[in-house]
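Here's the structure, in C-alpha coordinates; my notes come after.
The values are calculated or read from the model by the stated rules, or taken from the named source; none is laboratory data. Computed from a prediction, not measured in an experiment: that's the story for all the values here. Only protein heavy atoms, including side chains, enter the accessible area calculation; ligands, DNA and RNA are left aside. Shrake-Rupley method; radii C 1.70, N 1.55, O 1.52, S 1.80 Å.
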Amino acid sequence: VSAPNKKAKAKASTQALPNTFAVRLLAWQEVHGRHHLPWQINADPYRVWLSEIMLQQTQVVSVLDYFARFTQKFPTLQELAEAPLSDVLGLWSGLGYYTRARNLHKAAQMVQSEFGGQFPPSSAELVKLPGIGPSTAAAIASICFHERVSILDGNAKRLLARHLGFSDDLSQSVAHKRLQTLANAQVPKLAQDMPRYTQALMDLGAMLCTQRKPKCEACPVSTDCQARLTDRVEALPIKTRKVKRSQLRMHFLLRYITAVTDDDLQLKHSIAGIDAVYLEQRPAKGIWAELLCPPCFDTEEALRSSLTPQEQQRLKTMHSFQHVLTHKDLIIQAHWLRDEKVSISSIDSTNSPNRPNSTPPNEGQWYAINQSKELGLPVPVRKLLFP
Ligand code: ADE
(Lines give C-alpha, C1' and ligand atoms only; values in the text may rest on other atoms or scores of the structure.)
Protein backbone atom coordinates (compact mmCIF):
# COMPACT_ATOMS: atom_id res chain seq x y z
CA VAL A 1 0.00 0.00 0.00
CA SER A 2 1.54 3.29 -1.04
CA ALA A 3 1.62 6.21 1.38
CA PRO A 4 -1.02 8.37 -0.38
CA ASN A 5 -3.39 5.40 -0.42
CA LYS A 6 -2.93 4.86 3.28
CA LYS A 7 -3.67 8.53 3.95
CA ALA A 8 -6.79 8.46 1.80
CA LYS A 9 -8.01 5.42 3.68
CA ALA A 10 -7.45 7.06 7.09
CA LYS A 11 -9.32 10.12 5.86
CA ALA A 12 -12.23 8.06 4.60
CA SER A 13 -12.61 6.21 7.90
CA THR A 14 -12.49 9.36 10.00
CA GLN A 15 -14.90 11.18 7.70
CA ALA A 16 -17.46 8.45 8.27
CA LEU A 17 -17.50 9.37 11.97
CA PRO A 18 -18.77 12.62 13.50
CA ASN A 19 -15.89 15.04 13.78
CA THR A 20 -15.64 14.88 17.55
CA PHE A 21 -12.76 16.12 19.68
CA ALA A 22 -11.43 12.55 19.98
CA VAL A 23 -11.70 11.83 16.25
CA ARG A 24 -9.72 14.94 15.38
CA LEU A 25 -7.08 14.16 18.01
CA LEU A 26 -6.68 10.61 16.71
CA ALA A 27 -6.20 11.79 13.13
CA TRP A 28 -3.72 14.44 14.24
CA GLN A 29 -1.73 11.98 16.35
CA GLU A 30 -1.43 9.55 13.46
CA VAL A 31 0.30 12.15 11.32
CA HIS A 32 2.04 14.50 13.76
CA GLY A 33 2.38 12.64 17.07
CA ARG A 34 5.23 10.64 18.55
CA HIS A 35 5.38 6.98 17.49
CA HIS A 36 8.90 5.80 18.14
CA LEU A 37 9.49 6.39 21.82
CA PRO A 38 11.16 3.32 23.36
CA TRP A 39 8.19 2.53 25.61
CA GLN A 40 5.87 2.58 22.59
CA ILE A 41 7.85 -0.35 21.20
CA ASN A 42 6.94 -3.63 22.94
CA ALA A 43 4.47 -1.60 24.97
CA ASP A 44 3.87 -4.18 27.67
CA PRO A 45 2.48 -2.98 31.00
CA TYR A 46 5.87 -3.22 32.71
CA ARG A 47 7.59 -0.92 30.21
CA VAL A 48 4.66 1.49 30.01
CA TRP A 49 4.42 1.70 33.80
CA LEU A 50 8.18 2.24 34.15
CA SER A 51 8.17 5.01 31.53
CA GLU A 52 5.15 6.73 33.07
CA ILE A 53 6.82 6.80 36.50
CA MET A 54 10.05 8.14 35.02
CA LEU A 55 8.12 10.78 33.04
CA GLN A 56 6.14 12.01 36.06
CA GLN A 57 8.41 14.95 36.79
CA THR A 58 10.93 14.56 34.04
CA GLN A 59 11.04 15.42 30.34
CA VAL A 60 11.21 12.80 27.62
CA VAL A 61 14.79 13.69 26.58
CA SER A 62 16.10 13.19 30.10
CA VAL A 63 14.27 9.89 30.52
CA LEU A 64 15.53 8.13 27.35
CA ASP A 65 18.95 7.07 28.71
CA TYR A 66 17.58 6.04 32.08
CA PHE A 67 14.83 3.98 30.49
CA ALA A 68 17.36 2.14 28.31
CA ARG A 69 19.68 1.40 31.24
CA PHE A 70 16.83 0.36 33.51
CA THR A 71 15.26 -2.05 31.07
CA GLN A 72 18.65 -3.51 30.27
CA LYS A 73 19.41 -4.18 33.92
CA PHE A 74 15.84 -5.20 34.80
CA PRO A 75 14.20 -6.55 31.61
CA THR A 76 11.26 -7.92 33.57
CA LEU A 77 9.14 -6.94 36.52
CA GLN A 78 10.37 -9.97 38.41
CA GLU A 79 14.00 -8.92 38.09
CA LEU A 80 13.13 -5.46 39.37
CA ALA A 81 11.10 -6.86 42.28
CA GLU A 82 13.94 -9.17 43.33
CA ALA A 83 16.71 -6.57 43.10
CA PRO A 84 18.01 -4.87 46.25
CA LEU A 85 16.53 -1.38 46.70
CA SER A 86 20.02 0.11 46.62
CA ASP A 87 20.56 -1.17 43.05
CA VAL A 88 17.31 0.50 42.01
CA LEU A 89 18.28 3.77 43.72
CA GLY A 90 21.71 3.58 42.10
CA LEU A 91 20.24 3.28 38.61
CA TRP A 92 17.81 6.09 39.42
CA SER A 93 20.60 8.37 40.60
CA GLY A 94 20.44 11.65 38.74
CA LEU A 95 16.74 11.45 37.84
CA GLY A 96 15.81 12.97 41.19
CA TYR A 97 12.61 12.56 43.22
CA TYR A 98 13.80 9.30 44.74
CA THR A 99 10.42 8.55 46.27
CA ARG A 100 9.50 7.48 42.76
CA ALA A 101 12.26 4.84 42.75
CA ARG A 102 11.31 3.56 46.20
CA ASN A 103 7.64 3.32 45.21
CA LEU A 104 8.60 1.69 41.93
CA HIS A 105 10.42 -1.06 43.78
CA LYS A 106 7.60 -1.48 46.30
CA ALA A 107 4.96 -1.61 43.53
CA ALA A 108 6.98 -4.22 41.61
CA GLN A 109 7.08 -6.40 44.72
CA MET A 110 3.33 -5.95 45.27
CA VAL A 111 2.50 -6.87 41.68
CA GLN A 112 4.68 -9.97 42.07
CA SER A 113 3.21 -11.06 45.37
CA GLU A 114 -0.41 -9.94 45.09
CA PHE A 115 -1.12 -10.24 41.37
CA GLY A 116 1.14 -13.11 40.32
CA GLY A 117 3.43 -10.82 38.38
CA GLN A 118 0.71 -9.33 36.13
CA PHE A 119 -0.37 -5.71 36.47
CA PRO A 120 -4.06 -5.47 37.38
CA PRO A 121 -5.87 -4.44 34.17
CA SER A 122 -7.93 -1.51 35.48
CA SER A 123 -7.22 2.05 36.56
CA ALA A 124 -9.22 1.45 39.77
CA GLU A 125 -6.79 -1.32 40.82
CA LEU A 126 -3.64 0.32 39.44
CA VAL A 127 -4.22 3.48 41.47
CA LYS A 128 -3.87 1.44 44.67
CA LEU A 129 -0.23 0.67 43.88
CA PRO A 130 2.46 2.91 45.37
CA GLY A 131 3.53 5.78 43.12
CA ILE A 132 0.56 5.44 40.76
CA GLY A 133 -1.79 8.42 40.93
CA PRO A 134 -5.07 8.73 39.01
CA SER A 135 -3.49 10.11 35.82
CA THR A 136 -0.69 7.53 35.73
CA ALA A 137 -3.26 4.77 36.37
CA ALA A 138 -5.36 6.12 33.49
CA ALA A 139 -2.30 6.25 31.21
CA ILE A 140 -1.33 2.62 31.90
CA ALA A 141 -4.93 1.32 31.78
CA SER A 142 -5.77 3.15 28.54
CA ILE A 143 -2.50 2.33 26.75
CA CYS A 144 -2.19 -1.31 27.86
CA PHE A 145 -5.75 -2.42 28.56
CA HIS A 146 -7.76 -0.03 26.32
CA GLU A 147 -9.78 1.25 29.26
CA ARG A 148 -11.92 4.24 28.32
CA VAL A 149 -10.60 6.65 30.93
CA SER A 150 -8.82 9.96 30.42
CA ILE A 151 -5.41 10.93 31.68
CA LEU A 152 -5.37 14.31 33.41
CA ASP A 153 -1.76 15.26 33.78
CA GLY A 154 -0.57 18.84 33.39
CA ASN A 155 -0.61 18.71 29.59
CA ALA A 156 -4.07 17.13 29.34
CA LYS A 157 -5.48 19.53 31.92
CA ARG A 158 -4.28 22.53 29.97
CA LEU A 159 -5.55 21.25 26.64
CA LEU A 160 -8.95 20.16 27.96
CA ALA A 161 -9.53 23.22 30.13
CA ARG A 162 -8.83 25.47 27.15
CA HIS A 163 -10.93 23.51 24.68
CA LEU A 164 -13.86 23.30 27.09
CA GLY A 165 -13.42 26.87 28.33
CA PHE A 166 -13.20 25.37 31.81
CA SER A 167 -12.55 28.27 34.17
CA ASP A 168 -12.97 26.71 37.62
CA ASP A 169 -9.94 27.03 39.86
CA LEU A 170 -7.97 23.79 39.47
CA SER A 171 -6.21 24.25 42.79
CA GLN A 172 -9.56 23.12 44.28
CA SER A 173 -10.08 19.36 44.26
CA VAL A 174 -13.78 19.67 43.32
CA ALA A 175 -12.79 21.50 40.15
CA HIS A 176 -10.25 18.82 39.36
CA LYS A 177 -12.92 16.14 39.82
CA ARG A 178 -15.33 17.99 37.58
CA LEU A 179 -12.73 18.30 34.85
CA GLN A 180 -11.94 14.58 35.16
CA THR A 181 -15.63 13.79 34.55
CA LEU A 182 -15.69 16.07 31.50
CA ALA A 183 -12.41 14.54 30.29
CA ASN A 184 -13.78 10.99 30.57
CA ALA A 185 -16.75 12.05 28.44
CA GLN A 186 -14.41 13.07 25.59
CA VAL A 187 -12.62 9.75 25.05
CA PRO A 188 -13.09 7.81 21.77
CA LYS A 189 -16.09 5.53 21.34
CA LEU A 190 -13.91 2.56 20.42
CA ALA A 191 -11.79 1.13 23.20
CA GLN A 192 -9.13 0.09 20.67
CA ASP A 193 -8.43 3.78 19.96
CA MET A 194 -7.52 4.51 23.58
CA PRO A 195 -3.73 4.07 23.34
CA ARG A 196 -3.50 6.55 20.48
CA TYR A 197 -5.91 8.97 22.14
CA THR A 198 -3.86 9.04 25.36
CA GLN A 199 -0.71 9.64 23.37
CA ALA A 200 -2.54 12.36 21.41
CA LEU A 201 -3.42 14.24 24.61
CA MET A 202 0.20 14.05 25.73
CA ASP A 203 1.64 15.02 22.35
CA LEU A 204 -0.78 17.83 21.58
CA GLY A 205 -0.33 19.25 25.08
CA ALA A 206 3.45 19.09 24.80
CA MET A 207 3.83 20.14 21.16
CA LEU A 208 1.05 22.65 20.41
CA CYS A 209 -1.10 23.53 23.41
CA THR A 210 1.86 24.79 25.40
CA GLN A 211 1.57 27.04 28.40
CA ARG A 212 3.06 30.02 26.60
CA LYS A 213 2.79 30.84 22.90
CA PRO A 214 0.54 27.90 21.97
CA LYS A 215 0.51 27.07 18.27
CA CYS A 216 -3.25 27.37 17.75
CA GLU A 217 -2.92 27.71 13.98
CA ALA A 218 -1.66 24.10 13.80
CA CYS A 219 -4.15 22.69 16.31
CA PRO A 220 -6.78 20.23 15.03
CA VAL A 221 -9.36 21.35 17.61
CA SER A 222 -8.85 25.13 17.51
CA THR A 223 -12.07 25.86 15.56
CA ASP A 224 -14.26 25.07 18.58
CA CYS A 225 -11.69 25.83 21.30
CA GLN A 226 -13.68 27.88 23.82
CA ALA A 227 -10.57 29.55 25.20
CA ARG A 228 -9.60 30.67 21.71
CA LEU A 229 -13.09 31.86 20.83
CA THR A 230 -13.20 33.99 23.97
CA ASP A 231 -9.55 35.09 23.81
CA ARG A 232 -8.54 33.35 27.03
CA VAL A 233 -5.98 30.87 25.71
CA GLU A 234 -3.10 32.01 27.89
CA ALA A 235 -5.43 32.74 30.82
CA LEU A 236 -6.61 29.11 31.08
CA PRO A 237 -6.35 26.89 32.98
CA ILE A 238 -6.79 28.73 36.24
CA LYS A 239 -4.80 27.63 39.25
CA THR A 240 -4.61 30.21 42.02
CA ARG A 241 -2.74 28.43 44.77
CA LYS A 242 0.93 28.92 44.19
CA VAL A 243 3.42 27.13 46.34
CA LYS A 244 5.78 29.52 47.99
CA ARG A 245 9.38 28.69 47.25
CA SER A 246 11.76 28.66 50.15
CA GLN A 247 15.50 28.67 50.46
CA LEU A 248 17.66 26.34 52.49
CA ARG A 249 21.37 26.54 53.14
CA MET A 250 23.35 23.34 53.41
CA HIS A 251 26.99 22.87 54.28
CA PHE A 252 28.55 19.57 53.23
CA LEU A 253 31.60 18.26 55.00
CA LEU A 254 33.44 16.28 52.35
CA ARG A 255 36.15 14.19 53.98
CA TYR A 256 38.31 12.70 51.28
CA ILE A 257 41.51 10.78 50.84
CA THR A 258 43.78 10.92 47.85
CA ALA A 259 47.13 9.62 46.74
CA VAL A 260 48.10 12.82 44.94
CA THR A 261 49.38 16.03 46.49
CA ASP A 262 47.04 18.91 47.11
CA ASP A 263 48.76 20.89 44.36
CA ASP A 264 47.69 18.30 41.83
CA LEU A 265 44.08 18.38 42.88
CA GLN A 266 41.77 20.54 40.87
CA LEU A 267 39.87 22.75 43.22
CA LYS A 268 36.65 24.37 42.20
CA HIS A 269 33.26 23.44 43.58
CA SER A 270 34.50 19.93 43.45
CA ILE A 271 37.76 18.11 43.65
CA ALA A 272 38.96 15.93 40.82
CA GLY A 273 41.37 13.19 41.79
CA ILE A 274 40.02 11.92 45.09
CA ASP A 275 40.17 8.21 45.93
CA ALA A 276 37.57 7.86 48.64
CA VAL A 277 34.94 9.91 50.38
CA TYR A 278 33.07 9.69 53.65
CA LEU A 279 29.28 9.37 53.33
CA GLU A 280 26.42 8.70 55.67
CA GLN A 281 22.81 7.74 55.16
CA ARG A 282 20.32 10.57 55.48
CA PRO A 283 17.34 10.27 57.81
CA ALA A 284 14.20 8.44 56.64
CA LYS A 285 12.22 11.69 56.47
CA GLY A 286 12.90 14.91 54.58
CA ILE A 287 15.10 15.85 51.65
CA TRP A 288 16.91 12.90 50.01
CA ALA A 289 15.48 10.45 52.54
CA GLU A 290 17.86 7.53 53.17
CA LEU A 291 20.25 8.47 50.37
CA LEU A 292 23.97 8.60 51.01
CA CYS A 293 25.30 12.09 51.55
CA PRO A 294 28.31 13.77 53.16
CA PRO A 295 27.65 14.96 56.74
CA CYS A 296 25.50 18.05 56.40
CA PHE A 297 25.24 21.17 58.60
CA ASP A 298 22.91 24.20 58.66
CA THR A 299 25.72 26.69 59.16
CA GLU A 300 29.44 26.92 58.54
CA GLU A 301 29.96 27.54 62.27
CA ALA A 302 28.22 24.29 63.15
CA LEU A 303 30.34 22.45 60.63
CA ARG A 304 33.59 23.99 61.89
CA SER A 305 32.79 23.32 65.50
CA SER A 306 32.56 19.60 64.72
CA LEU A 307 36.25 19.67 63.75
CA THR A 308 39.53 19.77 65.65
CA PRO A 309 41.54 23.02 65.34
CA GLN A 310 43.99 21.25 63.01
CA GLU A 311 41.17 20.06 60.81
CA GLN A 312 39.66 23.54 60.74
CA GLN A 313 42.96 24.84 59.37
CA ARG A 314 43.00 22.29 56.57
CA LEU A 315 39.39 22.88 55.57
CA LYS A 316 38.91 24.11 52.00
CA THR A 317 35.67 26.00 51.57
CA MET A 318 34.28 26.39 48.04
CA HIS A 319 31.89 28.93 46.57
CA SER A 320 28.29 28.06 47.21
CA PHE A 321 26.04 26.93 44.36
CA GLN A 322 22.32 26.57 43.91
CA HIS A 323 20.37 23.40 43.44
CA VAL A 324 16.67 23.66 42.62
CA LEU A 325 14.13 21.27 44.14
CA THR A 326 10.37 21.37 43.50
CA HIS A 327 9.49 23.80 46.27
CA LYS A 328 12.91 24.77 47.55
CA ASP A 329 16.14 26.31 46.39
CA LEU A 330 19.11 24.75 48.09
CA ILE A 331 22.18 26.89 48.56
CA ILE A 332 24.95 24.38 48.97
CA GLN A 333 28.48 25.01 50.11
CA ALA A 334 31.09 22.28 49.95
CA HIS A 335 33.86 22.14 52.54
CA TRP A 336 36.58 19.68 51.61
CA LEU A 337 38.78 18.11 54.23
CA ARG A 338 41.68 15.87 53.36
CA ASP A 339 41.84 13.01 55.80
CA GLU A 340 45.31 11.84 56.63
CA LYS A 341 44.52 9.15 59.19
CA VAL A 342 42.71 6.80 56.86
CA SER A 343 44.52 5.04 54.03
CA ILE A 344 42.98 3.91 50.77
CA SER A 345 44.13 0.32 51.33
CA SER A 346 42.05 0.16 54.50
CA ILE A 347 38.85 0.87 52.58
CA ASP A 348 36.95 -2.22 51.62
CA SER A 349 36.39 -1.55 47.95
CA THR A 350 33.84 -4.34 47.88
CA ASN A 351 31.55 -2.55 50.29
CA SER A 352 28.64 -3.03 48.03
CA PRO A 353 25.87 -0.55 47.37
CA ASN A 354 23.66 -2.95 49.34
CA ARG A 355 25.17 -1.58 52.48
CA PRO A 356 22.22 0.63 53.50
CA ASN A 357 20.20 -2.55 54.05
CA SER A 358 22.80 -4.12 56.27
CA THR A 359 24.11 -1.38 58.56
CA PRO A 360 22.09 0.97 60.70
CA PRO A 361 21.03 4.28 59.09
CA ASN A 362 23.07 7.40 59.74
CA GLU A 363 26.25 5.48 60.34
CA GLY A 364 28.86 6.88 58.03
CA GLN A 365 31.61 5.05 56.25
CA TRP A 366 34.29 5.50 53.62
CA TYR A 367 33.48 4.70 50.04
CA ALA A 368 36.01 4.18 47.29
CA ILE A 369 35.11 6.80 44.72
CA ASN A 370 34.66 4.28 41.88
CA GLN A 371 32.01 2.26 43.58
CA SER A 372 30.20 5.29 44.91
CA LYS A 373 29.25 5.96 41.28
CA GLU A 374 26.71 3.17 41.56
CA LEU A 375 25.15 4.44 44.76
CA GLY A 376 21.94 6.40 45.09
CA LEU A 377 23.38 9.87 45.56
CA PRO A 378 21.54 13.21 45.48
CA VAL A 379 22.21 15.07 42.23
CA PRO A 380 24.39 17.83 43.76
CA VAL A 381 26.52 15.27 45.63
CA ARG A 382 27.00 13.40 42.37
CA LYS A 383 28.09 16.66 40.73
CA LEU A 384 30.60 17.35 43.48
CA LEU A 385 32.12 13.86 43.38
CA PHE A 386 32.09 13.39 39.63
CA PRO A 387 32.79 16.81 38.12
N1 ADE B 1 4.78 12.03 29.36
C2 ADE B 1 4.17 11.13 30.15
N3 ADE B 1 3.90 10.01 29.46
C4 ADE B 1 4.36 10.20 28.22
C5 ADE B 1 4.39 9.41 27.04
N6 ADE B 1 3.87 8.19 27.02
N7 ADE B 1 4.95 9.95 25.93
C8 ADE B 1 5.45 11.18 25.97
N9 ADE B 1 5.45 11.96 27.04
C10 ADE B 1 4.92 11.49 28.15
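Quick one: accessible area per residue over the chain, 1.4 Å probe, rounded to a whole number of Å²? Don't skip to the end; give the middle numbers.
On the way: 19840 Å² over 387 residues.
Result: 51 Å² of accessible area for each residue.
For the chain, set up a Gaussian network in which alpha carbons nearer than 10 Å are linked by springs, and say which option among I41, I143, I53 fluctuates the most.
It is I41.
Highest GNM mean-square fluctuation, the chain, Cα pairs closer than 10 Å: which of E82, E217, E125?
Looking only at E82, E217, E125, the biggest GNM fluctuation is shown by E217.
What percentage of the solvent-accessible surface of the chain, computed with a 1.4 Å probe over protein heavy atoms, is contributed by carbon and sulfur atoms?
Working: 10380 of 19840 Å².
Reported share for carbon and sulfur atoms: 52 percent.
Sorted by accessible area with a 1.4 angstrom probe, largest first, how do D87, D231 fall?
Numbers: D87 40, D231 140 Å².
These residues rank, largest area first, as D231, D87.
Just to confirm the number: angle between the C-alpha axis of helix 60-73 and the first principal axis of the chain, 0 to 90 degrees, nearest 10?
70 degrees
Does the stretch 83-163 classify as rounded, prolate or oblate by the C-alpha gyration tensor (a ≥ b ≥ c root eigenvalues; a/c under 1.5 gives rounded; else a/b over b/c gives prolate, otherwise oblate)? Intermediate results must be reported in sequence, preceding the final value.
On the way: a/c = 3.18, a/b = 1.39, b/c = 2.29.
Oblate, since a/c reaches 1.5 and b/c is not below a/b.
Explain nothing, just the number: relative contact order of the stretch 102-164, from Cα pairs under 8 Å at least 6 residues apart, as a whole percent. Don't jump to the answer; show the numbers that get you there.
Values: 55 pairs, mean separation 14.8, N = 63.
Computed over the stretch 102-164, the figure is 23 percent.
Any idea of S123's accessible area? Nearest 10 Å², probe 1.4 Å.
The value for S123 is about 20 Å².
On a 24 Å Cα-Cα criterion, which of the cross-link pairs K177/K239; K128/K177; K106/K239; K106/K328; K106/K383; K285/K328 come out too long? Each step should come with its number before you reach the end.
On the way: K177/K239 14 Å; K128/K177 18 Å; K106/K239 32 Å; K106/K328 27 Å; K106/K383 28 Å; K285/K328 16 Å.
Check vs 24 Å cut-off fails for K106/K239; K106/K328; K106/K383.
Note the angle between two axes, namely the Cα long axis of helix 154-164 and the longest principal axis of the Cα atoms of the chain, as a number of degrees from 0 to 90, rounded to the nearest 10.
Roughly 30 degrees, rounded to the nearest 10.
Do you know the relative contact order of the stretch 63-204, to the nearest whole percent, from alpha carbon pairs under 8 angstrom that are 6+ apart?
Details: 140 pairs, mean separation 24.4, N = 142.
17 percent.
Could you sort Y278, Y367 by their accessible area in this structure, using a 1.4 Å probe and putting the largest first?
On the way: Y278 60, Y367 0 Å².
Putting Y278, Y367 in descending order of accessible area: Y278, Y367.
Compute a Gaussian network model of the chain, connecting alpha carbons closer than 10 Å, and tell me which residue from R162, R100, R228 fluctuates the most.
Highest fluctuation among the options: R228.
Of all beta bridges DSSP finds with both residues in the chain, what is the antiparallel percent, to the nearest 5? Each step should come with its number before you reach the end.
Numbers: 18 of 30 bridges.
Counting only bridges with both partners in the chain, antiparallel ones make up about 60 percent.
Given the DSSP H assignment, sum -39500 (n - 2.57) over each helix run of at least 4 residues in the chain and divide by its residue total; what's the result at 222 nm in deg cm²/dmol, nearest 500?
-12000 deg cm²/dmol
Probe 1.4 Å, all protein chains in place: accessible area of K73 in Å², nearest 10?
About 110 Å², rounded to the nearest 10.
Over the chain, what is the relative contact order in percent, taking alpha-carbon pairs closer than 8 angstrom and at least six residues apart? Write out the running numbers ahead of the final one.
Numbers: 580 pairs, mean separation 67.5, N = 387.
About 17 percent, as a whole number.
Mind grabbing the accessible area of V342 for me, 1.4 Å probe, Å², rounded to tens?
Answer for V342: close to 40 Å² accessible.
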